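Just below is one structure, and these are the notes that go with it.
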Ligand SMILES: Nc1ncnc2c1ncn2[C@@H]1O[C@H](COP(=O)(O)OP(=O)(O)OP(=O)(O)O)[C@@H](O)[C@H]1O
Ligand SMILES: [Mg+2]
């Protein structure tokens, strides 16, 4: 059948009574970097949370590496090899940098070593004994990405890693994403900043009102930029 | 002048004896409020059953000795494990069902559990209390020159300090402690990293129960083993927790010992006030710093 590492079909999700995702469909192939683009409130974060099992109720199909995730609790999903970097970064204030980095347990062999992570993010090494939330926004973002690289996860779900960061930090994160892709990670990236997305991604899905409304290959982004501007309202 | 001072200052032995009593009570307050703080942090439950678990620890030691001839020292290990298992069962059977509801439900549920446990023991054993003798190794007293220090009381102070220190170390310096701190902040995210948080919650409640039972065994030879012992201590412990700040580990330990000593000192200087002083301090702290001395607001 398909080669996709992640295949999401007819994904619906609810927060309490409110029905937020209305049948999301997309796939991510092994080694690909795919983005979900869309306006505020379109349902991008909810899609990642629904894949992780972090919404109240969900239905549909989420096939990952041969396993069906729809009925699994989030700890089991993580143990299958999915790493999650939340939009709000989720750095723990009561833990120092190294404790934050070491918190997610290794779920599969083949994760990066702490030294490798410190090589990619030298700032973190210098500040390993600082409380996690004393870092700058950019450093916290790097910590949030760094801590899911150790675990052996092969699919990374990254929710707006560039949000609110200075251009120089955004370029650093872009370089990191290209490094991770070269190392073989499969990445599902949520972005609002499509100019940034275009520098790292293979394909883009456009999310609108809880549905995927279009798919654009990165190479077509130029000729279809008018459509994209319309989708994103920029 | 001198004679006035002589009247105002109590004799040294009385002062030291009350300091000792204060440190001992402070040790119990510290261990119990430590358990309450850990449970509150992760489960968001104000565990009113804590006094009952403490009482169960003392009864467990008493059963072990009088039915099976098992010594105090073994009871110090067995009772916390046994009561810890009871605590884990309580969490799985009851507390888990209300985990998503407001604080208040947990408070009411644990309050109800405490009433049931206390009631059953009062029905079976009355309220007079049963003696539990000091283990042979710790009988007698040591002459410090200026006073006689009962060996068992010295042991209680050392043991409660040690238990608080070990608990602090586990929480602040180990991997399991890091998981606990992280899950206290954001349980959903910790779970999304692959940690079985429901199991961590069960273990944490069990550990809090085990701490309470350890205090109960330590207390058995000092107070009597009585169905009322939990009720008697828990009101003060809640005041201690409010003063220290709900959920602060270090705050629980420091305010436990400090308030025990303050209570003891009040007995020396103004005996009539000794039972109320902690509540007066609680009221003052609530007025000035509602989140408690060591608590974080919000
Ligand atoms: N916890 C929640 N409870 C109820 N509704 C929610 C919750 N979180 C999000 N929503 C709603 O679900 C919809 C989708 O939100 P979501 O956070 O997935 O959007 P998003 O595409 O990530 O937006 P943004 O770009 O602003 O991050 C929005 O209408 C939002 O108001
Ligand atoms: Mg979002």
Selected residue (criterion: nearest to ligand 1 (Cβ to nearest atom)) from residues of segment A:8-31 that are under 15 Å from the mean Cα position of the chain (by Cα) and surrounded by fewer than 19 Cβ atoms within 10 Å (Cβ to Cβ): A:27
Entirely in segment A:1-58, the strands (runs of 3 or more DSSP E) that have 1 or more residues that are within 14 Å of chain B (Cβ to nearest Cβ) and either within 16 Å of ligand 2 (Cβ to nearest atom) or closer than 21 Å to residue A:79 by Cβ (or both): A:4-15
Candidates A:104, A:109 - the one that is modelled with pLDDT of 95 or more and either more than 14 Å from chain B (Cβ to nearest Cβ) or part of a loop (DSSP other than H, G, I, E, B) (or both): A:104
For residue A:90: the one exception among (1) surrounded by 19 or more Cβ atoms within 10 Å (Cβ to Cβ); (2) in contact with a strand residue (DSSP E or B) (Cβ under 8 Å, 6 or more places away or on another chain); (3) facing another protein chain (nearest Cβ under 8 Å); (4) assigned to a loop (DSSP other than H, G, I, E, B): (2)
Counted residues, segment A:62-74 - those being outside any strand (DSSP E or B) and either surrounded by fewer than 22 Cβ atoms within 10 Å (Cβ to Cβ) or more than 10 Å from chain B (Cβ to nearest Cβ) (or both): 7
Pairs, first more than 14 Å from residue A:50 (Cα to Cα) in segment A:16-28, second outside any strand (DSSP E or B), C-beta under 9 Å, six or more apart: A:27/A:2; A:27/A:3
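Every residue, every condition in (1) surrounded by 19 or more Cβ atoms within 10 Å (Cβ to Cβ); (2) on the phi < 0 side of the Ramachandran plot; (3) more than 16 Å from ligand 2 (Cβ to nearest atom), yes or no:
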site	(1), (2), (3)
A:175	no, yes, yes
A:180	yes, yes, yes
A:185	yes, yes, yes
A:191	yes, yes, no
A:196	yes, yes, no
Residue within segment A:138-146 that is in a loop (DSSP other than H, G, I, E, B) and either surrounded by 15 or more Cβ atoms within 10 Å (Cβ to Cβ) or away from ligand 1 (no atom under 16 Å from the Cβ) (or both) present: no
Out of B:193, B:214, B:169, sole residue that is more than 14 Å from chain A (Cβ to nearest Cβ) and farther than 22 Å from residue B:46 by Cβ: B:169
From the options B:182, B:178, B:192, B:212, residue that is surrounded by 16 or more Cβ atoms within 10 Å (Cβ to Cβ) and in contact (Cβ under 8 Å) with a residue 24 or more places away in the chain: B:212
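The values are calculated or read from the model by the stated rules, or taken from the named source; none is laboratory data. The model shown is predicted, which means the values in this text are computed figures rather than measured ones. Neighbour counts are summed over all protein chains in view; Cβ atoms, including those assigned to glycine, are modelled from backbone coordinates with ideal geometry.
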